[in-house]
Amino acid sequence: MSANLPTQADIFLKALESVNAARNSLSEARDWLNSDWSPVGSALPGQAGPARTTARQRIAVSKGQIDEAKAALYRALDEIEAAGGVR
């Protein structure tokens, strides 16, 4: 039965893959928010401009938090490897 279970390293590597995908998605969202729109040079209506700024700020914070999570996952993988686990 244990042969079907992932190793400790597998679990952390899969988590790392998911965290990387989340970070990449946030980068894509940021890029969209930084894109030009048509008509070129037109202002965003009402509160859309401040909302865009808030969203970009939150994305930046989220990416920083994801980077912290990635660092923790890499530390865990180093510990697993040091204990004889396979990476």
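Every number here is computed from the coordinates shown, using simple stated rules; none is lab data. Here the structure is a predicted model, which means the values were calculated and not measured. Cβ atoms come from the backbone with ideal geometry, glycine included; neighbour counts cover every protein chain shown.
Structure notes:
- Karplus (6.51, -1.76, 1.60) ³J(HN,Hα), θ = phi - 60°, over region 33-45, in Hz, Gly and Pro reported as x: 5, 8, 6, 6, 9, 9, x, 4, x, 6, 7, 6, x
- Cα-centre dipole for the chain with unit charges at Cβ (Lys and Arg positive, Asp and Glu negative), debye to 20: 300
- Hydrodynamic estimate: the Kirkwood radius of the chain over Cα pairs, inserted into Stokes-Einstein at 10 °C and 1.306 mPa s, corresponds to D of 101 µm²/s.
- With Cα atoms, 0 to 90° folded angle of helix 48-82 axis to the chain main axis: 10
- The residues neighbouring V19, those whose beta-carbon lies less than 14 Å from its own, together hold a net charge of +2 under the Lys/Arg +1, Asp/Glu -1 convention.
- Built amide H within the under 5 Å cut-off of G85, gap 5+: none
- Applied to region 24-30, the Karplus parametrisation 6.51 cos²θ - 1.76 cosθ + 1.60 on θ = phi - 60° returns per-residue 3J(HN,Hα) values of 4, 5, 5, 4, 5, 4, 4 Hz, with x for Gly and Pro.
- Secondary-structure-derived ellipticity at 222 nm for the chain, considering helices only, amounts to -25500 deg cm²/dmol, per-run term -39500 (n - 2.57) for DSSP H runs with n ≥ 4.
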